[in-house]
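The values are calculated or read from the model by the stated rules, or taken from the named source; none is laboratory data. Just so it is clear, the model here is predicted, and its values are computed rather than measured. When we count neighbours, we look across all protein chains shown, and the Cβ atoms used for this are built from the backbone with ideal geometry, even at glycine.
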Amino acid sequence: MKAVILAAGEGNRMRPLTYTRPKVMLPIANRPILEHLLLEAKQAGIKEFILVAGYHDEQVRDYFGNGDKWGVKIDYCRQRRQLGTADALKLVRDLVDGNFLLINGDIIVSQEDIKKLAHKRDNTMSIVEVKDTRELGVVAVKQSRVVGIYEKTEKPPSHLANAGLYLFTPYIFKAVSGTEKSPRGEYEITSSLQLLIDKGNPVLAQKIGYWLDLSYPWDLLPANEFLLGTTQSQNRGEIEDNVIIKGAVAIGQDSIIRSGSYLVGPIVIGAGCDLGPSCYIRPHTAIGDNCHIGHGVEIKNSIIMPGTKIPHLSYVGDSIIGEECNLGAGTKIANLRLDRRDIIVSGVATKRRKLGAIIGDRVETGINVSVNIGSMIGNNTHIGPGVSVSGVIAPHSKIL
């Protein structure tokens, strides 16, 4: 059986992190979202994949190649214009034979649920029970069959959400060919499934237990925390004297942890990093390749992407920092409101009491910069010494 993974979208709600990379290539625990998904599918017995790529597709192709590194076979299909999931499915019609899996590339599901789904014989969609359905497609189910699919409705008929994981028979392509554009201007696979249902063709529902849905940048933080929970201690670098390490800490090739540093896992540190002396790295932190974390820096529950430098006396908490950033000495990122209420970003409730900043690639700050809670800073922004920033900052800004 083959798995078709939809990896063509930009992910507008993930900006500024997706200005320079597709959503599926955002790192969690130092691996792209798509790699976590591919590995789960492989463990479920899937060895052949078709990746439908589009936005910055070269990054997907360059990273995954033909799949040899993972012991699988990967083919590619390019969706030049992102016209929806049903449009993407049209493109693979001649590349699949028999039943196949279709998986949204921006979710993470378990090998157990994938394996269970792969044994179905009829068209089946996976569903998950959630408390808040406002941002999700909702599914009505009767006796294990889907009877209705509703996109972001104000009065949902259930708390069962579409999980973005499907088993399809070749008959799905007939429904896809008759699918019209949705009110959002896209050809959506849920519309194709509704066509099947309306014509009396069975669409089964399979409830799954493990599901990470990644819609907004701050969704990466709990996913990172969850996936780091499986970290095993490993040292492929150098640890100087007087370093204290507690819990599971994985240190990449040629990285050095300098004297006086204090690390509390789970933590993953990429290759070629230079940490310390005397830095404090707290749990659930992922540091990408070739990063420099310097003296007196404290980092907790954050994702630091490759090539970023946080060299002196800075604090980063509950934040995501893009590639090749440089934070000046004394840069502090706030992560907790004084009234301790949940943080709202651009009118969106994050449902998080602690959230620092979401910072794009190649952002530079001067000394003693203060960044307020929930700030979103676009790529290539320069922030001058002693400045306090807050809110949403457009890419290529200069704040002095």
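Restrict the check to the stretch 333-349 and report whether at least one residue is surrounded by fewer than 23 Cβ atoms within 10 Å (Cβ to Cβ), under 19 Å from the mean Cα position of the chain (by Cα) and without any contact (Cβ under 8 Å) to a residue 40 or more places away in the chain.
Yes: one or more hits.
Out of T231, T285, report the one residue that is closer than 28 Å to L37 by Cα, at pLDDT 95 or above and hydroxyl-bearing (S, T, Y).
Only one candidate qualifies: T285.
Taking into account only those residues within the stretch 17-29 that are in contact with an Asp or Glu (Cβ under 8 Å, 6 or more places away or on another chain) and either buried (at least 19 other Cβ atoms within 10 Å of the Cβ) or at pLDDT 95 or above (or both), which is nearest to L227 (Cα to Cα)?
Within the stretch 17-29, the match that is nearest to L227 (Cα to Cα) is V24.
Tell me, which strands (runs of 3 or more DSSP E) wholly within the stretch 1-84 include 3 or more residues that are in contact with a His (Cβ under 6 Å, 6 or more places away or on another chain) and small (G, A, S)?
none
How about the stretch 301-315: which of its residues are within 14 Å of Y280 (Cβ to Cβ) and either in the same structural domain as P32 (by TED's automatic domain parsing) or modelled with pLDDT under 95 (or both)?
H312
Go through the stretch 307-332 and report how many residues are assigned to a loop (DSSP other than H, G, I, E, B) and surrounded by 22 or more Cβ atoms within 10 Å (Cβ to Cβ).
The number of residues fulfilling the criteria is 8.
Could you tell me whether any residue of the stretch 89-102 is closer than 12 Å to L165 by Cβ, buried (at least 19 other Cβ atoms within 10 Å of the Cβ), in the same structural domain as S182 (by TED's automatic domain parsing) and of a type outside the set (F, W, Y)?
yes
Pull up the stretch 248-300, narrow it to residues that are basic (K, R) and out of contact with any Ser or Thr (no Cβ under 7 Å at 6 or more places or on another chain), then point me to the one that is surrounded by the most Cβ atoms within 10 Å (Cβ to Cβ).
Once the filter is applied, the top-ranked residue is R258.
Looking at the stretch 290-305, which of its residues are without any contact (Cβ under 8 Å) to a residue 40 or more places away in the chain and under 16 Å from G272 (Cβ atoms)?
N290, C291, H292, I293, G294, I304
Any idea how many residues of the stretch 175-197 are within 15 Å of L89 (Cα to Cα) and of a type in the set (K, R)?
Counting residues in the stretch 175-197 that are within 15 Å of L89 (Cα to Cα) and of a type in the set (K, R) gives 1.
Being within 16 Å of Y210 (Cβ to Cβ), assigned by TED's automatic domain parsing to the domain that holds Y210 and among the β-branched types (V, I, T) is the requirement here; does I74 meet it?
So I74 does not fit the description; no.
If Q79 passes every condition in (1) within 28 Å of I377 (Cα to Cα); (2) crowded, with 19+ Cβ neighbours inside 10 Å; (3) of a type in the set (S, T, N, Q) but one, which one does it miss?
Evaluating Q79 over (1) within 28 Å of I377 (Cα to Cα); (2) crowded, with 19+ Cβ neighbours inside 10 Å; (3) of a type in the set (S, T, N, Q) leaves (1) as the failure.
Which condition does T190 not pass, out of (1) surrounded by 14 or more Cβ atoms within 10 Å (Cβ to Cβ); (2) not in a helix (DSSP H, G or I); (3) not small (G, A, S), if it passes all the others?
Of (1) surrounded by 14 or more Cβ atoms within 10 Å (Cβ to Cβ); (2) not in a helix (DSSP H, G or I); (3) not small (G, A, S), only one is false for T190: (2).
Taking the stretch 174-187 on its own, how many of its residues are at negative phi and surrounded by fewer than 18 Cβ atoms within 10 Å (Cβ to Cβ)?
9
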